[in-house]
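**Student:** Structure incoming, see below.
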Amino acid sequence: MPEFENIVEQYAAGIVRYCYNLLGCFHEAEDAMQDVFIRAYGGMGGVRDPGGLRGWLYRIAYNVCMDALRRKKRAKGLVDAAKAALEDSRPKHQGISDELQSALNAIKPADRALFYSRAVDGLDYSELAKIHKAPAATLRKRYERARKKLAELLKEE
């Protein structure tokens, strides 16, 4: 399906970056991106608005990452040793200092997802509303609270 290949080429980099920012591990982000496009391929018939494709893909990515984080939390005892080893090999996110990355890791995953979607990927609130299934006004408030929390965390460091 050449049309789907074009969609993958167009959105893969943004989706893997988004997943990496939520999951904190490049290999997990690549796996998540593959899951996103597998789910998207299966659900392409249900897309009514081609203009909403980006938001739809990010919504799938959000769900895939939140599922992965829940699984990771359940298996935390087993993952701690492996995580320490992965932290040393983790690539640095371009343009984000270690202090900011540390502060971002300290906030809730849903708020971190919102922050990355808005600040890094530049999604507008109407797209964010589709991704997070919440009103745009609620997301604006959550985004502002996340920014304040990050500012507090950065002042502490």
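**Student:** Can you pull out the residues in region 117-138 that are among the aliphatic types (A, V, I, L, M) and more than 15 Å from the chain's Cα centre (by Cα)?
**Tutor:** Selection gives Ala134, Ala136, Ala137.
**Student:** Going by what's in this entry, would Gly24 be described as surrounded by 16 or more Cβ atoms within 10 Å (Cβ to Cβ) and at pLDDT below 90? Talk me through it step by step, then tell me what you get.
**Tutor:** Values: surrounded by 16 or more Cβ atoms within 10 Å (Cβ to Cβ): yes; at pLDDT below 90: yes.
Yes: the conditions hold for Gly24.
**Student:** A further question on this structure: Taking region 129-157, which residues are of a type in the set (A, V, I, L, M, F, W, C) and touching a residue at least 24 places away in the same chain (Cβ under 8 Å)?
**Tutor:** Ile131, Leu139, Ala146, Leu150, Leu153, Leu154
The values are calculated or read from the model by the stated rules, or taken from the named source; none is laboratory data. Just so you know, these numbers come straight off a predicted model, no measurement behind them. Ideal geometry is used to build each Cβ from the backbone, glycine not excepted, and the neighbour counts take in all protein chains shown.
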